[in-house]
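S.K.: Mind having a look at this structure? Questions to follow.
The values are calculated or read from the model by the stated rules, or taken from the named source; none is laboratory data. As the structure is a computational prediction, the values presented were derived from the model and not from experiment. Here the Cβ positions follow ideal geometry from the backbone for every residue, glycine too, while neighbour counts run over all protein chains shown.
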Amino acid sequence: MKNKIILKLCILALILFSGCSTSPTGQIIQEDAIKIGFVGPLTGPATEIGIVEKNVVEIAVNEINSKGGIKGEIIKVIYEDGKCTGKEAAIAAQKLINIDKVKIILSVCSSETLAIAPLAEENHVLLITSYAMNPLISGAGDYVFRTGYSDKITAKIIAETIFEDSKTLGIIYEQTDYATALKDYVSKEFTRAGGVVYSESFPQNDKDVRTQLLKILNKNPEAIFVNPDTTKTGLMILKELNELGYQGKVYGNFFGSSPTVIDAPEAEGMIFFGDPDIKENPVKAHLMSEYIKHYREEPSFEYPALSRYDNVYILKQAIEEVGYNPDKIKNYLYQMESYTGALGTYRFDENGDAVGIKPCAKQIKQGRIIPYRP
């Protein structure tokens, strides 16, 4: 018993004298480390994207730390599971801000980002999201940045593309911040062009939407736009549409870019509106090579991977220039003329949105993605 007490005292002394502390999750964190919080879906239906982004963050941070960190200080990332929901993300952010004392948070989903944004503004914490597309993020605050694209742009492309062939449209959408906002903007643009929209919604992560689909099909729309929040849910809708005998045109949001969807027979012929095709460049090639080397496969979602990799290195550049100060980093990002990384060359506008990036229409044909041309 005495030996155990002595051992515990020795460990405590080592922690105290080495300038370390422990987080509530048990992680030992260097006091002089540059702490960054990560809030993303590490469990639940959106895990596929969350894990890809976590993997990329680890690659980037390990690269930087192996070269001495940022001006001699290592980066320490504290990961929290936001589950792609606002409630979980807000709880995670409060912990990161109030207990872990982070000054920078990386977020993934729209629901997570919108829930964290008020906390980031109140506490002067920089929030940068790689893939959240909800248009409301543009006005979420001065401390909020994103290297994704706004669905306000996506909606216009979707409406214009569908209206070329169909004048009546059924929309099945998930009750989440992302999917609801996209539905609203698509409906607005489609009706403005002279089209008619029939829409039905379902609760987040519902496993059966036949009732909603039947209501839409009874209206006999010329096309259906499948608008889920996750790949898993989107695939479920496609399967149920197929089971109900629907043979009309099917359009989808970003979920069509997932390998599991591309390989699904039910997705054959679907036109979806996904991430831009990023031209090959040295940074992209390096990341893809490193990802395969570490995880034995390519990232299942390319754009979030490239975007998140850029996030880490943009922050590195900013901290090297102005220090680990969110107010100074914020101003630096707004004034930055351009950044060239895995996504190519872009900058941030007055809303913190990346300028020069927009989605495009693609189609699934025989298990592969091809550019869509009406």
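S.K.: Test MET236 against the criterion of being assigned by TED's automatic domain parsing to the domain that holds GLY248, in contact (Cβ under 8 Å) with a residue 12 or more places away in the chain and not acidic (Asp, Glu), and give yes or no.
M.R.: Spelling it out, MET236 is indeed assigned by TED's automatic domain parsing to the domain that holds GLY248, in contact (Cβ under 8 Å) with a residue 12 or more places away in the chain and not acidic (Asp, Glu).
S.K.: On the basis of being out of contact with any helix residue (DSSP H, G or I) (no Cβ under 7 Å at 6 or more places or on another chain) and either modelled with pLDDT of 95 or more or not in a helix (DSSP H, G or I) (or both), does LYS293 make the cut?
M.R.: Here the answer is yes, as LYS293 does meet what is asked.
S.K.: Would you mention how many residues in region 312-345 are under 21 Å from PHE254 (Cα atoms) and in contact with a helix residue (DSSP H, G or I) (Cβ under 8 Å, 6 or more places away or on another chain)?
M.R.: Qualifying residue count for the region: 2.
S.K.: For region 112-149, which positions are in contact (Cβ under 8 Å) with a residue 24 or more places away in the chain, in a helix (DSSP H, G or I) and not hydrophobic (A, V, I, L, M, F, W, C)?
M.R.: GLU112, THR113, ASN123, PRO135, SER138, GLY139 - these are the residues of region 112-149 that are in contact (Cβ under 8 Å) with a residue 24 or more places away in the chain, in a helix (DSSP H, G or I) and not hydrophobic (A, V, I, L, M, F, W, C).
S.K.: Could you check how many residues of region 216-232 are in contact with a strand residue (DSSP E or B) (Cβ under 6 Å, 6 or more places away or on another chain) and among the polar types (S, T, N, Q)?
M.R.: Here the count works out to 1.
S.K.: Is it fair to say PRO259 is farther than 23 Å from ALA159 by Cα and modelled with pLDDT of 95 or more?
M.R.: no
S.K.: For THR191, which of the numbered conditions (1) part of a helix (DSSP H, G or I); (2) of a type in the set (Val, Ile, Thr); (3) under 26 Å from ILE369 (Cβ atoms) fails to hold?
M.R.: (3)
S.K.: Within region 88-111, work out how many residues are in a helix (DSSP H, G or I) and in contact with a Phe, Trp or Tyr (Cβ under 6 Å, 6 or more places away or on another chain).
M.R.: Within region 88-111, residues that are in a helix (DSSP H, G or I) and in contact with a Phe, Trp or Tyr (Cβ under 6 Å, 6 or more places away or on another chain) number 1.
S.K.: So, in region 346-374, exactly how many residues are charged (D, E, K, R), under 18 Å from GLU160 (Cβ atoms) and part of a strand (DSSP E or B)?
M.R.: 1
S.K.: Could you tell me whether any residue of region 274-284 is buried (at least 18 other Cβ atoms within 10 Å of the Cβ) and outside any helix (DSSP H, G or I)?
M.R.: yes
S.K.: Given the conditions (1) at pLDDT below 95; (2) outside the structural domain of LYS35 (by TED's automatic domain parsing), report the number of the one that PHE202 does not fulfil.
M.R.: Unmet condition: (1).
S.K.: Another one. From the list GLU266, GLU302, pick out the single residue that is touching a helix residue (DSSP H, G or I) at 6+ places or on another chain (Cβ under 8 Å) and assigned by TED's automatic domain parsing to the domain that holds LYS156.
M.R.: Sole residue among the options that is touching a helix residue (DSSP H, G or I) at 6+ places or on another chain (Cβ under 8 Å) and assigned by TED's automatic domain parsing to the domain that holds LYS156: GLU266.
S.K.: Being buried (at least 24 other Cβ atoms within 10 Å of the Cβ), more than 24 Å from TYR339 (Cα to Cα) and of a type in the set (A, V, I, L, M, F, W, C) narrows it down to one of LEU96, LEU127, so name that one.
M.R.: LEU96
S.K.: Follow-up question, since we're still on this one. Can we say VAL312 is surrounded by 15 or more Cβ atoms within 10 Å (Cβ to Cβ), in the same structural domain as ILE49 (by TED's automatic domain parsing) and closer than 26 Å to VAL52 by Cβ?
M.R.: Criteria met by VAL312.
S.K.: If you don't mind, there's one more thing I want to ask. Just to confirm my filter: which strands (runs of 3 or more DSSP E) fall fully inside region 1-76 and include at least 1 residues that are modelled with pLDDT of 95 or more?
M.R.: 34-40
S.K.: Select, from GLU290, GLU337, the only residue that is surrounded by fewer than 18 Cβ atoms within 10 Å (Cβ to Cβ), free of Cβ contacts under 8 Å to residues at least 12 places away in the same chain and acidic (Asp, Glu).
M.R.: Unique residue meeting the criteria: GLU337.
S.K.: Moving to a separate point now. Please verify whether region 185-194 includes one or more residues that are over 27 Å from the mean Cα position of the chain (by Cα), farther than 22 Å from CYS109 by Cα and surrounded by 19 or more Cβ atoms within 10 Å (Cβ to Cβ).
M.R.: no
S.K.: Within region 150-171, which residues are in a loop (DSSP other than H, G, I, E, B) and under 21 Å from ILE49 (Cβ atoms)?
M.R.: Listed by number, the list holds a single entry, SER150.
S.K.: Further, regarding this structure: Which numbered condition trips up ILE329, out of (1) buried (at least 21 other Cβ atoms within 10 Å of the Cβ); (2) touching a Gly at 6+ places or on another chain (Cβ under 6 Å)?
M.R.: Of (1) buried (at least 21 other Cβ atoms within 10 Å of the Cβ); (2) touching a Gly at 6+ places or on another chain (Cβ under 6 Å), only one is false for ILE329: (2).
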